[in-house]
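Asker: Pasting a structure below so you can have a look.
The values are calculated or read from the model by the stated rules, or taken from the named source; none is laboratory data. As the structure is a computational prediction, the values presented were derived from the model and not from experiment. Here the Cβ positions follow ideal geometry from the backbone for every residue, glycine too, while neighbour counts run over all protein chains shown. We work out accessible area using only protein heavy atoms, side chains counted, and drop any ligands, DNA or RNA first. Shrake-Rupley method; radii C 1.70, N 1.55, O 1.52, S 1.80 Å.
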Amino acid sequence: MDLSFLFFYLFAAVAVGAALVVVLNRNILHCAMALVLMFFAIAALFLMLGAEFIAAVQVLVYAGAIMVLFLFVILLIQIDRVQMLRFAHRQSPLVVIIAVLLLAELLYMIIRGTLGIAPGGADAAAAGAASGSTEAFGALLYTTYLFPFEVASVLLLAAMIGAILLARLDKEEVGGVSRQDMS
Amino acid sequence: MIEWVWLIPALPAAGVIINGLLGNRYIKERAHYVGVGSTALSLLVALFVIGAAIKNPGPHNVRLFDWVVAGSLHVDVAFLVDPLSAVMLFVVCGVGFLVHVYSIGYMRGDPGYPRFFTWLNLFMFSMLLLILGNNYLLMFVGWEGVGLCSYLLIGYWFERKSASDAANKAFIVNRIGDAGFLLGIFLIFKTFGSLAYAQVFAAAPGALSTGVATAIGIALFIGAVGKSAQLPLYVWLPDAMEGPTPVSALIHAATMVTAGVYMVARSAVIYNLAPDALLVVAVVGALTAIFAASIGLVQNDIKRVLAYSTVSQLGYMFLALGVGAYISGIFHLMTHAFFKGLLFLGSGSVIHAMSGEQDMRRMGALRKHIPITAITFYIGALAISGIPPFAGFWSKDEILAEAFKSGHYVLWIIGVATALMTAFYMFRLIYLTFYGASRVAEHAAHHLHESPPSMTAPLVILAGLSIIGGAIPGFPPEKGMFHAFLSQVPGMAPAGGGHAGLVGTALAAQEGAQAAHELSSAMHWFLILLSVAVAVAGWALAKHFYVRRPHLPERLARRFGGLYRLLLNKYWVDEIYDAVIVNPCKRFATFLWNFDAWVIDGIVNATSRLTVLNADFSAFFDRYTVDGAVNGLASVLQGWAGVFRRLQTGFVQNYALAMLLGIFAIVSLYLFV
Amino acid sequence: MISLQHYLALGAILFAIGVVGVLTRRNAILILMAIELMLNGVNITLIAFARHAGNLTGQIFVLFIITVAAAEAAVGLALVIALFRGRDTLNVDEIHLLKW
C-alpha cells in the first residue's frame, strides 16, 4: 500500500464530504465554509497530480477570490433573511434519482474502461514529471495558447464591467422587470 | 482612388458608433454634426469614386478580408465598383445626404434626435453595403440591414400603436420576401459553388440550364417583391408612412425600396437566361403599377398618395427590367429617386407647416404661405407625370417605348394607362394642397410658415436634379451617356445591341424577333407624343376636377359609389390578407402551440395519450383544489398536474432538470446502444 | 500508484453532487456554489487526463475554466444583488420571468 493512496482517499473523502455539506446544509455560511474546504482538498489533489501551478491558482482564485466574493454577497444581503434555507424542492426526489442513475452510469463507464482509455502506466508516470513543470506550463500558455489567453482577459474585463453595471441597477429599473412580468 | 471605396460605408458606420454610444448622454441635439458630417464625407468620397469609375468603368474589385471560409464556401468582404454600383452610389449618397440635411430641420426638438441620426446612419451603412458588395451574401447582409433600419425607423415613434404595428407589418412581410431571396442564394451556391458576382456571371452562360435559371430568377424576384413592395407583398409600404417623413423619403421612396430593382438588374446575366422569370417580373411590375396607381387616385392622406405612387413607380421599374430594358429600369430608379425624394420631402415640409396635419381635405391654398415648397413640389409633380423636359419624362418614356418594342402590347397599354393615372393623382394632390379654397383648421392656420433653410435647401437641390437629371444623362433616348455608361455592365446591354456573347444563348433566339421590333423613327416620335399627351391629359383632367368644377369628384364618387369605395379601401387587400392569411396563420400557430405542449408533455413524461388526458383532467381538478374544494383523489391527480405544469413553469431549475434528463439520455444511449 | 480511474470517479461524484445542488437548492447563491462544485469535478477530470496523456493541454483548459468561473461568479453574484434589490428574495422558485 502506497502512502499516496492514503492521501488520495483522505482528500477525496474531504472533498466529497464538503461537497455534500454544501448541497445539504441549511446554513448558508456553513455551506460557504464547506466549499472553501473542498477547494483546498481539490488543490491538494491537483498537487498530487503534478499540477502545482493549477493548485496554486485554485487556492488563490477559488478559495481566495471567488469565495470572498461569495461571502461578501452573503453578508451584504441581510444574512438573517437567507440563513435558514427552506430546502425541499418539489423536484428534488426526481433530481436525486436521475443524478444517482447518471453517476452509476458514469462510474460504470470509468471502471469498466468503456471510455477507451489506455491503462495508465510507466509512461504516464514519466510524463508526469515533465507535465508538472510550471515553466513548461507558462511556455505553452504564452505561445500556443496566447490568443485564447488574451481573449480570456477580455472576458474578465467584460464580466467586470457587466458586474458593476448590474450591481448598480436602481430599484426602479429592476422593478420595471417585475411590472413587465405582471402584464 | 477606387481602393478608398471602403470608406464610403465605413464613415456612416463610424457615425452609428459615435452617435449610438454617446448620442443620448453627451451629443444630444448636436447629433446632426456627426450624422450629417459622416454622410457628407461619405458623399465626397463617393463622388471621387464615381469620377474614377467614369474614367475607367472597371469592374474594380476591392477586397478587404476573408469573411466566411467554410468548406467550399468562400466569401470575401469585398466591394465592387462598376457603372451600376456607381449609379446606385450617386443615388444613395446624394439623396441620403440631402435627407440628412433635411432631417436637421424636420426632426429638431424631437426627444429621440440622436437615435434618429444613429439609425439613419445605420441605414446608410447597410444600403451602401448592399450596393457595393461584390457577392450575394454581402448583398444579403445589407439587405437585412436596411430591413432592420426600415423597421426601426417606421417604428421610430414607437409610443404610437399604429407606428409599431406598421413596423411589425413591414418586418414580417419582408421576411416572406427575404426567405425567397435566401432560397435564391442557396440555389446559386449549389449551382456555381460561389457567391461572388464575377464568378457566378462568368460561369452562368455555360453552367445554367433554363430551368435552374428560372428557379433562381423567381426566387430572387420574390425577395425583390418583398423589399420593393410589389404585388402581392406591397401592403407594408403604405403603412410604412407612419415613420418620420425624411425616412419615407429616403428609405421608402428613393433608396431601400429600389434595392429589389438593383438586385434584379445586378442579376441580369441570370435573368437573361430565364425568359420566363423575366416575363413574371414584367407582368408583376405592370400589374403593380396600375393597381397601386388606381388606389392612389382616391386617397386623402398626402403621404399615402405618395406611397402608392412609389409602389406604382417601382412597378414601372420592374416592367422595364422584365422586358429586358435593364438600363431604362435603372434610369427610372435614378430619376424616381430625385423626384420622389423631392415630393416626399415636400410633403414633409407641408406637414411641418400644417403642424402635423396630413389629410389633404383639410389643406388648400397653401402656395401663398409656403411658396418654395409649392414651387418645388410642382416641379416634382411635373417630373413624375412625365412632362418634358423634366426628369421623369425621359425615363418613363423609355420604359414605355421598350415595353412596346418588346411586343408585350398589353403591358404597354397598362403602362400608358398608369401614366395617365399618375399625372391625375399627382395634380389632384397639388390642387387639393396648394390651390383652391383654404380648408385649413383654425389652430393650424395660425402656425402656417415656410420651413427653415435646412429643409428648403434640399428641396431646391432635388428640384434642380428633377429638372435636369433626366435630360442630361438620357438625351437622346436610348443612346445617351447613361446608356453608354451602363451598357458596360455584363448582361445589361440592350438585347438587340450585338452583345450576344454577354446576353447568352437563351435570349439569342429572341434577338432576331426583337430586332424586327426595332422601331422606325416615326413610330418613336408617335410614342413620345403619346406619352406626353397622356401626361397632359391627366393634368388637365385633374385641373378640371379639382379647380374648375370642385364638386364633380363628389358627384362622381356618389355615382360610382362601389368603385370609389373599392379604391378608397385599397381593394380591401389588407382585410383579405387578414382573413385569408393572417388569421389562419394565427390559428395554425395556436394549433402548433397546442400540439407542442401536448407532444412535449407526452415525450418527457414518457407516458401515453392516456396520461395526457389524465393531465387535462387533473388540471381541471386542480382549479377546484385552488378554489378550496377538497377532494380525496386530489393528491394523486394534483401530483400529475404538478408534473405536467412544471414543464413550462418559468423556473430555471425545471429547465435545468430537462437538461439533466437529456444528458442522462445521451449517456444511456452511449452505454447501452 | 493511484490510477486515472480513481480521479475520474471522484470527478464524477463531485459533478453529480453539484448537479443535485443546482437542481434542488432554492437559494440563488447556493446554486452558484453548486455550479462551482460541478466545475471542480470537471477540473479534476481534466487534470487527471492531462497527467495521463502526459501533456499540459488539460491544465491549460483548467486555467481557462477557472477564469470563466471567476467571471461567472462575478456576474452571477451581481445578478443576485440586483435580484435581491428588486425582488426582495433569493428563492429562484419565486422567479418565473421565463414563463411563456
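Asker: Name the helices (runs of 4 or more DSSP H) wholly inside region B:192-252 in which the number of residues that are within 30 Å of B:Val350 (Cβ to Cβ) and of a type outside the set (S, T, N, Q) is 1 or more.
Answerer: Answer list for region B:192-252: B:210-227, B:236-239, B:245-249.
Asker: Determine if region B:411-418 includes at least one residue that is surrounded by fewer than 22 Cβ atoms within 10 Å (Cβ to Cβ), part of a helix (DSSP H, G or I) and in contact (Cβ under 8 Å) with a residue 24 or more places away in the chain.
Answerer: yes
Asker: Follow-up question, since we're still on this one. Checking B:Val284 against (1) in contact with a Phe, Trp or Tyr (Cβ under 9 Å, 6 or more places away or on another chain); (2) within 14 Å of B:Arg428 (Cα to Cα), only one condition comes out false. Which one?
Answerer: Against the list (1) in contact with a Phe, Trp or Tyr (Cβ under 9 Å, 6 or more places away or on another chain); (2) within 14 Å of B:Arg428 (Cα to Cα), B:Val284 comes up short only on (2).
Asker: What residue, of B:Ile172, B:Ile218, B:Ile154, B:Ile188, is out of contact with any Ser or Thr (no Cβ under 9 Å at 6 or more places or on another chain) and modelled with pLDDT of 90 or more?
Answerer: The unique qualifying residue is B:Ile218.
Asker: So if I check each of B:Leu231, B:Leu237, which one is out of contact with any Gly (no Cβ under 7 Å at 6 or more places or on another chain) and either among the basic types (Lys, Arg) or open to solvent by 10 Å² or more (accessible area, probe 1.4 Å) (or both)?
Answerer: Unique residue meeting the criteria: B:Leu231.
Asker: So, one more: Between A:Leu45, A:Leu94, A:Leu10, which is facing another protein chain (nearest Cβ under 9 Å), assigned to a helix (DSSP H, G or I) and at pLDDT 90 or above?
Answerer: The conditions single out A:Leu45.
Asker: If a residue has to be under 12 Å from B:Cys93 (Cα atoms) and among the small types (Gly, Ala, Ser) to count, how many in region B:5-53 make the cut?
Answerer: So the count comes out to 4.
Asker: Limited to region B:401-428, what total is found for residues that are within 23 Å of the chain's Cα centre (by Cα) and aliphatic (A, V, I, L, M)?
Answerer: Adding up the residues that qualify gives 6.
Asker: Can you spot a residue in region B:523-540 that is of a type outside the set (Gly, Ala, Ser), on the phi < 0 side of the Ramachandran plot, open to solvent by 50 Å² or more (accessible area, probe 1.4 Å) and modelled with pLDDT under 75?
Answerer: Within region B:523-540, none of the residues are of a type outside the set (Gly, Ala, Ser), on the phi < 0 side of the Ramachandran plot, open to solvent by 50 Å² or more (accessible area, probe 1.4 Å) and modelled with pLDDT under 75.
Asker: How many residues does region B:159-175 hold that are surrounded by fewer than 17 Cβ atoms within 10 Å (Cβ to Cβ) and under 17 Å from the mean Cα position of the chain (by Cα)?
Answerer: Total satisfying the criteria: 3.
Asker: Now for a separate question. Under the condition of being open to solvent by less than 50 Å² (accessible area, probe 1.4 Å) and small (Gly, Ala, Ser), which residue from region B:421-451 is modelled with the highest pLDDT?
Answerer: Among those that are open to solvent by less than 50 Å² (accessible area, probe 1.4 Å) and small (Gly, Ala, Ser), it is B:Ala423.
Asker: Would a scan of region B:104-120 turn up a residue that is within 26 Å of B:Ser347 (Cβ to Cβ), open to solvent by 30 Å² or more (accessible area, probe 1.4 Å), among the small types (Gly, Ala, Ser) and assigned to a helix (DSSP H, G or I)?
Answerer: Taking every residue of region B:104-120 in turn, none turns out to be within 26 Å of B:Ser347 (Cβ to Cβ), open to solvent by 30 Å² or more (accessible area, probe 1.4 Å), among the small types (Gly, Ala, Ser) and assigned to a helix (DSSP H, G or I).
Asker: For B:Pro57, only one of the following conditions fails: (1) in contact with a Pro (Cβ under 6 Å, 6 or more places away or on another chain); (2) surrounded by fewer than 24 Cβ atoms within 10 Å (Cβ to Cβ); (3) in a helix (DSSP H, G or I). What is its number?
Answerer: Evaluating B:Pro57 over (1) in contact with a Pro (Cβ under 6 Å, 6 or more places away or on another chain); (2) surrounded by fewer than 24 Cβ atoms within 10 Å (Cβ to Cβ); (3) in a helix (DSSP H, G or I) leaves (3) as the failure.
Asker: Moving to a separate point now. Does C:Ile13 fit the bill of being on the phi < 0 side of the Ramachandran plot, part of a helix (DSSP H, G or I), facing chain A (nearest Cβ under 7 Å) and surrounded by fewer than 23 Cβ atoms within 10 Å (Cβ to Cβ)?
Answerer: yes
Asker: Restricting attention to region C:61-96, which residues are assigned to a helix (DSSP H, G or I), surrounded by 18 or more Cβ atoms within 10 Å (Cβ to Cβ), more than 7 Å from chain A (Cβ to nearest Cβ) and free of Cβ contacts under 8 Å to residues at least 24 places away in the same chain?
Answerer: Hit for region C:61-96 is C:Phe61, nothing else.
Asker: A:Gly50 fails exactly one of the following numbered conditions: (1) more than 30 Å from A:Glu135 (Cβ to Cβ); (2) within 10 Å of chain C (Cβ to nearest Cβ). What is the number of that condition?
Answerer: All conditions pass for A:Gly50, except number (1).
Asker: How many residues does region C:16-28 hold that are closer than 23 Å to C:Ala50 by Cα and either at pLDDT below 90 or open to solvent by 10 Å² or more (accessible area, probe 1.4 Å) (or both)?
Answerer: Here the count works out to 1.
Asker: Still on this structure, I have one more. Right, C:Leu39: free of Cβ contacts under 8 Å to residues at least 12 places away in the same chain, assigned to a helix (DSSP H, G or I), closer than 23 Å to A:Val96 by Cα and under 16 Å from the mean Cα position of the chain (by Cα) or not?
Answerer: So C:Leu39 does not fit the description; no.
Asker: Okay, next question. Go over the candidates B:Gly341, B:Gly380, B:Gly356, B:Gly392 one by one and state the one that is under 25 Å from the mean Cα position of the chain (by Cα) and open to solvent by 10 Å² or more (accessible area, probe 1.4 Å).
Answerer: On inspection, the qualifying residue turns out to be B:Gly356.
Asker: Also, quick follow-up: For region C:48-60, how many residues meet the condition of being more than 7 Å from chain A (Cβ to nearest Cβ) and over 19 Å from C:Leu37 (Cα atoms)?
Answerer: Here the count works out to 2.
Asker: Let me ask something additional. Give B:Leu21, B:Leu47, B:Leu43, B:Leu11 a once-over and let me know the one that is within 30 Å of B:Arg108 (Cα to Cα), under 27 Å from the mean Cα position of the chain (by Cα) and open to solvent by 80 Å² or more (accessible area, probe 1.4 Å).
Answerer: B:Leu47
Asker: Keeping to region B:334-365, report how many residues are over 26 Å from B:Asp110 (Cα atoms) and outside any helix (DSSP H, G or I).
Answerer: 2
Asker: Are any of the residues in region B:4-24 in contact with a strand residue (DSSP E or B) (Cβ under 7 Å, 6 or more places away or on another chain) and outside any helix (DSSP H, G or I)?
Answerer: no
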